[in-house]
Amino acid sequence: QVQLVESGGGLVQAGGSLRLSCAASGRTFRRYVMGWFRQAPGKEREFVATISWGGGSRDYADSVKGRFAISRDNAKDTVYLQMNRLKPEDTAAYFCAARALSSTRDKYEYDYWGQGTQVTVSS
């Protein structure tokens, strides 16, 4: 079992920045691929970013590429999502997720999920 706890969400003006954190506990964090997903009201949960075990491989949704950056600190069992130049359409609950195999954008392939943190971007 892996327990995930997100933090760092909040209210920010368009053009601003936030950094989300996801702290993991339980099994060996460095063995897990980590992903960030988001879900706006009335919409399906969508892929945002993923990072490989060692951090050498990263993938982003086109909607956030160039604005968001995913990173991880395996010594701290934490994955981060730095979000810059935020837009109102980035407003959503953000979730981190973990899986033991290779990186994927498919939310159904992730085994563990956090409870989410709300990000609201005002125009």
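The residues on offer are Thr50, Thr28, and the sole one that is within 13 Å of the chain's Cα centre (by Cα) and of a type outside the set (Lys, Arg) is Thr50.
There is no residue in the stretch 24-35 that is part of a loop (DSSP other than H, G, I, E, B), more than 14 Å from Ala100 (Cα to Cα), of a type in the set (D, E, K, R) and open to solvent by 20 Å² or more (accessible area, probe 1.4 Å). Residues in the stretch 23-45 that are closer than 15 Å to Phe95 by Cα and either in contact with a Lys or Arg (Cβ under 6 Å, 6 or more places away or on another chain) or among the hydrophobic types (A, V, I, L, M, F, W, C) (or both): 9 in all. In the stretch 89-100, the condition of being open to solvent by 60 Å² or more (accessible area, probe 1.4 Å) and either in a loop (DSSP other than H, G, I, E, B) or touching a Gly at 6+ places or on another chain (Cβ under 7 Å) (or both) is met by no residue. Residue under question is Asn74, and the condition is that it be surrounded by 14 or more Cβ atoms within 10 Å (Cβ to Cβ), of a type in the set (S, T, N, Q) and touching a helix residue (DSSP H, G or I) at 6+ places or on another chain (Cβ under 8 Å); does it hold? Here the answer is yes, as Asn74 does meet what is asked. Only one residue in Asp106, Asp62 is within 23 Å of Val2 (Cβ to Cβ), surrounded by fewer than 20 Cβ atoms within 10 Å (Cβ to Cβ) and out of contact with any helix residue (DSSP H, G or I) (no Cβ under 6 Å at 6 or more places or on another chain), so which one is that? Exactly one residue qualifies, and that residue is Asp106.
If you take the residues in the stretch 83-119 that are more than 12 Å from the chain's Cα centre (by Cα) and among the aliphatic types (A, V, I, L, M), which one is modelled with the highest pLDDT? That would be Leu86.
Scanning the stretch 47-67 for residues that are without any contact (Cβ under 8 Å) to a residue 24 or more places away in the chain and assigned to a strand (DSSP E or B) turns up Arg58, Tyr60.
The values are calculated or read from the model by the stated rules, or taken from the named source; none is laboratory data. Values in this document were obtained by computation on a predicted structure and should not be read as measured data. No Cβ is skipped: glycine too gets one built from the backbone with ideal geometry, and neighbour counts run over all protein chains shown. What goes into the accessible areas is simple: the full protein's heavy atoms, side chains included, and nothing from ligands, DNA or RNA. Shrake-Rupley method; radii C 1.70, N 1.55, O 1.52, S 1.80 Å.
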